[in-house]
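The numbers here are math on the coordinates, done by the rules we state, and not lab data. Computed from a predicted model, the values in this text were never measured in an experiment. Cβ placement follows ideal geometry from the backbone for every residue including glycine, while neighbour counts extend to all protein chains displayed.
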Amino acid sequence: MDYLIHLAILVGIYLILAQSFNIVFGLGRMFNLAHIAVYAIGAYTTALLSTNLQMSFWICIPASMIISALFALLIGAISFKLDHDYFAIGSLAFSSVVTAVLINWKSLTRGVLGITGIPRPEVLGIDFSDNTNFLFLLSIFVAAVLISVGIIFKITFARCLRAQAEHSHAARSLGVNLVRLRTNAFIISSAYAGLAGAFFSYYINYIDPSSFGLHEMVFVLSIVIIGKPGSFWGVTAATFFLVLLPEPLRFLSISPSILGPMRQLLYSLILFGVVFWKRKTLFPVERSV
Amino acid sequence: MEILPQLLVNAIIAGSIYALASSGLSLTYGLLRILNFAHGHLMMVGVYFFYLLSVEYQWSLAASGLGTIVFSILLAAVTLRIFVLPFSKYSFILTLVTTLALSNIIEALVSICFGVNVKSLSPGTAAKSIEIGSVYITPIQIIIIVSALTLLSATAFIIHQSSLGRKIRALSADAFAAQSVGIHESRVCFLVYTLAVIYAAFAGILVGYETNMQPTMGTTYTIKAFAAMVLGGLGNLWGTIIGSYILGLVENLSIGLDFGGYSIPAGYKDAFSFMIILLVLLFRPQGLFTKKKRAA
């Protein structure tokens, strides 16, 4: 039972993370490899505030979301200058700068040793160190995120994002303010990623830079692509599928050191398979007018 | 400033490795117009294969080298046919995703087969350094510098003097026009891509001797090669090579020199190359050595 609750919590955290990436990448087609860096910033914000300053849940969560959103402004600034391949490299570079700082700013982040002993939150007198209670708390937030993302996918904002992905000049000529649109998309998606990061560090109690590498980014990318970019229900289903898929491996007698690479191999192969199979329709080439 | 000559030599050594690793990436970008996120991983798997032959099977140096070249050719053929070509005529996002998937697959396979721990090709004892003036240099470092110069000159000769080089230049200037005068695009692409993988594997082997190797080095070197390429301009071979040496110089000078009693910690070396990519991309996206193209 404990194990099932653990899985449910993981699914919850990845649901927030994947849906937030679905906004920029799925709707906006912006190949933002820095999404995982924003998630890391959210996780570190909560970890540092709750261990060093003993801040409460109600301060850590908004702080994580706000600081992640501030970094989103930087990514947004990069996206205005760069398109296509160039944005992919730029966001990867941004993400690598964040990782390098996390590893090297030892006085703050303790480098590769990571931050240990992150306390579970206590809200309204309820202690959430019990996993069942924690799942309950997380579900409230997951529900809130999913409902708000569901609404976002239905409003004009989503249509504008899709339009600028398909043809940015045409979208502009119809009165879409690209700068404001993209900035908003990055802010919303990064705030949610920060929220996911905060819950991740609360749940795991321990974070280090290796949890936020490129392979995690590819995992989130896999979820969104396998679920069909821009599809709310597809990405939700794909999150369940990809998070739960490697779990049966645990019951085979495989040594734990192989388990991580096996999981990585599994989702990368599925990602490649889906892209190969759907290559003609997955990302329509930008139309020329 | 007694440390300066040593830093310059270190910069040249680092730059030589980056130049070997990134020149192939740049040539491929010029021809295929794809960003290969798995380039560093192709380099990593090359050095692990060499390790398998030379350390675990105890093959001689020449036999292991030859084996690695054969392996690289096969690897190039397989990855190009499966991970690149089926996608190149659709959206650019597809090849970004498939090469990222490829990089993950390679890293996972190498981790499963060899473990994630640090390994080294050089025997345990530290190599004896040769002292020239105030500069210390090991034999392997001399090999790095000399072989990089030789290989890059050979590449220069191929690109500028041979008929293959003419085809490569024609294809990267205008693929459609080049094909219409009878240049076989896919054959040239395969050749160049294979060459890129072999160069990368060679750079990897040098890294394996000079320092050490581990599965995560793939990502590091992919990003370093991107940095060099961005400095010189995407797809610009000479710019990329100069960019590699600049990258080596900046990294070594930034950590070696102290600015009024304050020196930058060595760990930030990597952060520097990433910052360079960002700054160059933001302020001079065409690279330092490419003239801005006029809008057609």
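Side notes on the structure shown:
- Square roots of five times the Cα gyration tensor eigenvalues for the protein assembly as shown, Å: 39, 29, 24
- Rounded D (µm²/s) - segment B:89-212, Kirkwood Rh over Cα pairs, Stokes-Einstein at 37 °C, 0.692 mPa s: 180 µm²/s
- Modelled spin labels at B:Ile130 and A:Asp83, positioned 7 Å past Cα toward Cβ, are 5.2 nm from each other.
- The calculated 222 nm mean residue ellipticity attributable to helices in chain B amounts to -23000 deg cm²/dmol, summing -39500 (n - 2.57) over DSSP H runs of n ≥ 4 and dividing by all residues.
- Cα→Cβ-extended label distance, 7 Å offset, between B:Lys119 and A:Lys280, nm: 4.3 nm
- Nonlocal amide H pairs with A:Met55, under 5 Å, H built at 1.01 Å: A:Ser50
- Potential extension, A:Thr116-A:Leu252 segment - 0.36 nm per residue separation minus Cα distance: 45.9 nm
- Listed residues A:Ile223, A:Ile126, A:Ile118, most fluctuating in chain A (Gaussian network, C-alpha, under 10 Å): A:Ile126
- Inter-label distance for A:Ser148 and B:Ser147, nm, one decimal - labels placed 7 Å from Cα along Cα-to-Cβ: 5.5 nm
- Cβ-Cβ FRET estimate between A:Ser129 and B:Ala77, R0 fixed at 35 Å, reported to 0.05: 0.05
- Scanning chain B for trypsin sites (Lys or Arg not before Pro) in DSSP loops with at most 15 neighbouring Cβ atoms within 10 Å leaves B:129-290 as the longest stretch between them.
- Given A:Lys106/B:Lys269; B:Lys167/B:Lys224; A:Lys154/A:Lys228, the pairs whose alpha carbons are separated by over 19 Å: B:Lys167/B:Lys224
- Close amide-amide hydrogen proximity is noted between A:Met30 and A:Phe25, each under 5 Å apart and 5 or more residues distant or on a separate chain (H modeled in the peptide plane; Pro and chain starts excluded).
- For chain A, the relative contact order works out to 35 percent when only alpha carbon pairs closer than 8 Å and six or more residues apart are counted.
- In a simple Cβ point-charge model (Lys, Arg +1; Asp, Glu -1; nothing else charged), the protein assembly as shown has a dipole of about 2020 debye relative to its Cα centre.
- Listed residues B:Thr98, B:Thr194, B:Thr150, most fluctuating in chain B (Gaussian network, C-alpha, under 10 Å): B:Thr150
- Förster radius 56 Å - calculated FRET efficiency between B:Ile3 and B:Asp174, Cβ distance, rounded to 0.05: 0.70
- A convex hull fitted around the alpha carbon atoms of segment A:2-213 yields 115 Å³ per residue.
- FRET efficiency estimate (nearest 0.05) - Cβ-Cβ, B:Val70 to A:Ile5, R0 41 angstrom: 0.20
- Centre separation in Å (Cα based) which lies between segment B:127-148 and segment B:21-38: 30 Å
- Note on chain A: with a GNM built from Cα contacts shorter than 10 Å, the maximum mean-square fluctuation among A:Phe71, A:Phe241, A:Phe199 falls on A:Phe241.
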